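Read the structure below first, then the notes.
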Amino acid sequence: MLIDSHAHLDFYDDPTEILVRAEAAGVAQMLAIGIGDGPATMHRALDLARQHGHVFASAGIHPQEAHQATPEALEKLRALVADPKCIAVGEIGLDYYHLENPDIEVQQQAFVAQLAIAAEAGKPILIHCRTSDLATAEAKARFGPADAFADIMRLIAEHWTPAGIPGVMHCFSGSPEQAKQALAANFYLSFAGNVTYPKSLNIREAAAQAPADRYLVETDCPFLAPIPFRGKQNEPAYVTHTAEVVAELRGVGAALVAEQTTANFHTLFPSTARS
């Protein structure tokens, strides 16, 4: 059994066939990410979770929509997070990659506000982190030397660590050193399809070194399809390919990776464990 710990199921016109193929591939549960197209539609993942017993949901305002984190939107988020099937807040974080993204201060304010909601609800957070390292020249000029990962870790230490609640570094794409920092801050590392790309050396090293009780696998579908589907639309069934590559990197069998990541997911989200 595998669990897709990060899937944008509401991005598909009709996820019915997607869910059928996932079950056939051995993906027994999945976490539908509730960012929607912004706060107005961040309820869609929870709507899906209510319809499918093996699907759980999150809710959050993505940093690209941080300018929409109005008091009304934050109240909506607070109400969604109160639902038992909404097990996490996210994906939230900082994104200094796209030129059109909100200003850094706006992103950070939205992030901190959502940390407070998650702490109040006692639920883990799902972190989105994208720096400007690989951005266009225009985006680099706008965001300057600011480091999204460093800023996230600083804000987590100040506004999240005191709550004593864990979280997930979704689609971990940092260095092994950054992985150590995230682990020390009580975060799990979740690996997506880009860990299957041969040139993703930092990600692959982090996946190989991650503690057995602190890593997950995900698709981030419909994005980041793993090899051999790279360039095509991703879906939860393909998490099997990501898990196989993670197993190779760790020098273990795919069955062990499935066992460990499933156990880790249930430890992080106890309400998802089946009796």
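Taking the range 38-77 as the region of interest, what is the percent of Cα-Cα pairs per 10 angstrom bin, listed from the shortest bin to the one with the maximum distance?
Result, from short to long distances: 32, 45, 21, 2 percent.
What is the sum of charges around S190, taking Lys and Arg as +1, Asp and Glu as -1, for the other residues whose C-beta is under 13 Å from the C-beta of S190?
-3
Can you tell me what the convex hull of the Cα atoms of the range 138-235 projects to on average, as an area in nm²?
Values: hull surface 31.0 nm².
Reported value for the Cα convex hull: 7.7 nm².
Give me the percent of Cα-Cα pairs in the range 189-275 that sit more than 18 Å apart, rounded to a whole number. Working shown, then result.
Numbers: 1489 of 3741 pairs.
Summing the P(r) of the range 189-275 above 18 Å gives 40 percent of all pairs.
When ranked by the protection proxy of mean other Cβ atoms within 10 Å per residue, highest first, what sequence do the peptides 73-83, 249-259, 229-239 form?
Ranking the peptides 73-83, 249-259, 229-239 by packing returns 229-239, 73-83, 249-259.
Using the per-residue mean of other Cβ atoms lying within 10 Å as a proxy for protection, in what order, highest first, do the peptides 60-67, 134-141, 17-24 fall?
Highest mean packing first, the order is 60-67, 17-24, 134-141.
Mind checking the per residue accessible area of the range 59-104 for me, 1.4 Å probe, whole number of Å²? Intermediate results must be reported in sequence, preceding the final value.
On the way: 1760 Å² over 46 residues.
Averaged over the residues of the range 59-104, the accessible area is 38 Å².
Can you order the peptides 216-223, 148-155 by their average number of other Cβ atoms within 10 Å per residue, highest first?
216-223, 148-155
Once you have the alpha carbon radius of gyration of the range 49-202, what is it after dividing by 2.2 N^0.38 Å, with N set to its residue count?
1.04
Could you tell me what fraction of 2.2 N^0.38 Å the Cα radius of gyration of the range 1-117 comes to, as a two-decimal ratio?
Normalised by 2.2 N^0.38 Å, the Cα Rg of the range 1-117 equals 1.09.
State the percent of C-alpha pairs, over all pairs in the range 104-146, separated by a distance greater than 12 angstrom.
Value for the range 104-146 (Cα pairs over 12 Å): 68 percent.
Could you give the accessible area per residue of the range 122-227, probe 1.4 Å, as a whole number in Å²?
Spelled out: the 1.4 Å probe surface of the range 122-227, per residue, equals 41 Å².
Keeping all protein chains in the complex and leaving out DNA, RNA and ligands, what accessible area do you get for Y97 with a 1.4 Å probe, in Å² to the nearest 10?
Ignoring ligands and nucleic acids, Y97 comes out at about 60 Å².
Which value results for Rg/Rh of the range 177-230 when Rg is the Cα radius of gyration and Rh the Kirkwood radius based on the inverse mean 1/r?
Value, to two decimals: 0.99.
Probe radius 1.4 Å, ligands and nucleic acids ignored: give me the carbon and sulfur share of the accessible area of the range 90-179 as a rounded percent.
Taking all protein chains in place, the range 90-179 shows 54 percent carbon and sulfur surface.
Please compute the Cα-Cα pair-distance distribution of the range 44-100 with 10 Å bins starting at 0, giving whole percents from short to long.
Values per bin, smallest distances first: 23, 46, 25, 6.
From the gyration tensor of the Cα coordinates in the range 114-175, what semi-axes in whole Å does the equivalent ellipsoid have, largest first, with each one equal to sqrt(5λ)?
Over the Cα atoms of the range 114-175, the semi-axes work out to 26, 12, 9 Å.
How many lysine pairs are close in the range 120-275, with Cα atoms under 30 Å apart and the two 8 or more places apart or on different chains?
6
The values are calculated or read from the model by the stated rules, or taken from the named source; none is laboratory data. What you are looking at is a predicted structure, and each value in this text was computed from that prediction instead of being measured. Cβ atoms come from the backbone with ideal geometry, glycine included; neighbour counts cover every protein chain shown. These area figures cover heavy atoms from the full protein model, side chains too; ligands, DNA and RNA do not enter into them. Shrake-Rupley method; radii C 1.70, N 1.55, O 1.52, S 1.80 Å.
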